[in-house]
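Working notes for the structure below.
The values are calculated or read from the model by the stated rules, or taken from the named source; none is laboratory data. All figures in this text were calculated on a predicted structure; none of them were measured in a lab. Neighbour counts are summed over all protein chains in view; Cβ atoms, including those assigned to glycine, are modelled from backbone coordinates with ideal geometry. Each accessible area value is taken on the protein alone, full model and side chains, heavy atoms only, with ligands, DNA and RNA left out. Shrake-Rupley method; radii C 1.70, N 1.55, O 1.52, S 1.80 Å.
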Amino acid sequence: MSKATLTKRLEFCSSHRYHNPQWDDAKNRAVFGLCNNVNTHGHNYLLEVTLRGDIDPVTGMIINLYDLKHTLNQILEQFDHKNLNLDTPYFAKRIPTTENLAVTLWHIFKKHPDLPYPDALRLYEDETLYAEVNESFMNGDLQSSNRESAVIARRYVFSAVHQSRTGNIQGHDYDLWIATKGHISDDTGQVMNLQTVDQIVRAQVLTRFDQQNLSRDEAFANIPVTDSALAKVIWETLAPHFQTPPLYRISVSQQPDAVAVFSV
Ligand code: NI
């Protein structure tokens, strides 16, 4: 039987603090940085949830959009304008990271009697970070310990020029998303420490390409500088540095209407 999917986008605001009570203050600060500040801080989350179901032969819809919005808003009420650590029951033992919040929402959607089955869920903490989960990553439920996997993706921007086929020099502001996929750690609530991701990307990619002429880079000695070729070069550059967890997807774009993706 064929199935259709529908993706709904919603926004909500929550505050949180990252803190592992089993560690001392110094270790918490070292691992979580500013996110460990005693004062909680807030984020405007953007949620994209994709639901899967049959198209009703009478209505032509998987679910009535009005009902869907109502149900999702009802679910999000327990998170919106709340302190995730203190005002919700989900993060007494888990750290309210983007990964753990995405997993929590997934389980709530999955169990909800009025919703079609979730197919995928992407949660943006801001414009530079998102977590993504889908059925194949899940293992266990909200009560069990963290055995789920998630994708975590981080955005970087850099500017570079390259030679076009006609020989002109073109300059672009590149938008780069680095996604890695792995198990969510019980200790940190994270797939990977973001400061580590930043250090690797800065050292391997940004110092090499930012403010440079990409056509002079050895990687482009025999291939034109396209977004797709750049995504592949960045993948090959970063892959040895992302082993646990491994790279999942590299996206490169220099204009809003086109994205080049390289993945395994
Ligand atoms: Ni935060």
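Here are the numbers for this structure:
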{"item": "Qualifying residue in region 99-112 (condition: over 22 Å from the mean Cα position of the chain (by Cα), in a loop (DSSP other than H, G, I, E, B) and at pLDDT 95 or above)", "result": "yes"}
{"item": "Those residues of region 35-50 which are over 18 Å from the mean Cα position of the chain (by Cα) and either closer than 20 Å to Thr104 by Cα or among the hydroxyl-bearing types (Ser, Thr, Tyr) (or both), in sequence order", "result": "Thr40, His41"}
{"item": "Subset tally (residues that are in a strand (DSSP E or B) and surrounded by 15 or more Cβ atoms within 10 Å (Cβ to Cβ)) for region 207-258", "result": "10"}
{"item": "Some residue of region 88-97 being open to solvent by 60 Å² or more (accessible area, probe 1.4 Å) and closer than 20 Å to Ala131 by Cα", "result": "yes"}
{"item": "Selected residue (criterion: nearest to the ligand (Cβ to nearest atom)) from residues of region 19-70 that are touching a Leu at 6+ places or on another chain (Cβ under 9 Å) and assigned to a loop (DSSP other than H, G, I, E, B)", "result": "Thr40"}
{"item": "Matching option when the condition is away from the ligand (no atom under 16 Å from the Cβ), open to solvent by less than 30 Å² (accessible area, probe 1.4 Å) and out of contact with any Phe, Trp or Tyr (no Cβ under 8 Å at 6 or more places or on another chain), among His112, His107, His162", "result": "His107"}
{"item": "Boolean, Tyr124 is in the same structural domain as Thr50 (by TED's automatic domain parsing), modelled with pLDDT of 95 or more and outside any helix (DSSP H, G or I)", "result": "yes"}
{"item": "Top-ranked residue of region 127-139 - restricted to ones that are of a type in the set (Asp, Glu) and modelled with pLDDT of 95 or more, ranked as most open to solvent (accessible area, probe 1.4 Å)", "result": "Glu127"}
